[in-house]
Amino acid sequence: MKAIALSLLGLSLLPGSCFGPDPNDPIQRASERLVARFDVPSCSNAKPLRGAGERLRDENGKAYGSGMTWSYVADDACLAALEAELGAFGFVEMDAETYFLEAGELWSDEVRFGRAANGRPGNLHWKYSTFR
C-alpha cells in the first residue's frame with residue numbers, strides 16, 4: 001500500500017531508483033512531499049518555510065552531486081511521528097535529533113529536528129541528495 005501511495009506521488013521504493021520527490025512534478029506541495037516520503041499523515045499541517053538547492057562539491061571543487069533541503073515548522077505530534085517512522089525506513093541517528101540514510105553512491109536523506117520549548121512548533125529540515 002505504501003509503495004502504491006508513493007508511486008502516485010512520483011516517489012519510488014524500488015532499489016536503485018530515485019527515492020525522493022519527483023523534481024519535475026510542479027503540483028507537489030512541500031507538505032505533501034513530507035507526508036508522502038515518510039508516511040506521516042500527522043505532518044500534513046507542517047508549514048513549509050523554504051526549499052533550497054545546492055551543488056555538492058568535493059575538497060577540490062569538483063561537483064559530485066546535488067542536494068535539496070526543505071525546511072518546515074512542525075508541531076510536536078508531527079516531529080514525534082516522523083522520528084518514530086525514521087527507524088522503519090532504516091535511518092540511523094547520527095547526533096541528537098539528526099538522522100541519516102544512505103544508498104551507497106546513489107542518494108542520501110538527512111532529517112534534522114529543532115524542537116522548541118513549551119510545546120511550541122519546532123523546525124524540521126529534510127535534505128535529499130543525489131550523487132553522480
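Points worth noting:
- For peptides 85-93, 47-55, 103-111, sequence by mean Cβ density within 10 Å, most packed first: 103-111, 85-93, 47-55
- Electrostatic bookkeeping for Val111 treats Lys and Arg as +1 and Asp and Glu as -1; over the other residues with beta carbon under 14 Å from its beta carbon, the sum is -4.
- Under 5 Å between amide hydrogens, built in the peptide plane, is the criterion, and for Leu49 it picks out Ser71, Tyr72, Val73 among residues at least 5 positions away or on other chains.
- Proxy reagent accessibility, fewest Cβ within 10 Å first, across Met68, Met94: Met94, Met68
- Cβ-defined net charge surrounding Leu124, 14 Å radius [Lys, Arg +1; Asp, Glu -1]: +1
- In order along segment 103-111, the phi-based Karplus estimate (6.51 cos²θ - 1.76 cosθ + 1.60, θ = phi - 60°) of 3J(HN,Hα) comes to 10, x, 9, 9, 7, 8, 10, 9, 10 Hz; Gly and Pro are listed as x.
No value in this document is a laboratory result; all are computed from the given coordinates. Bear in mind the structure is a predicted one, so any value in this text is a computation, not a measurement. Heads up, the Cβs are rebuilt from the backbone with ideal geometry, glycines too, and the neighbour counts pull from every protein chain shown.
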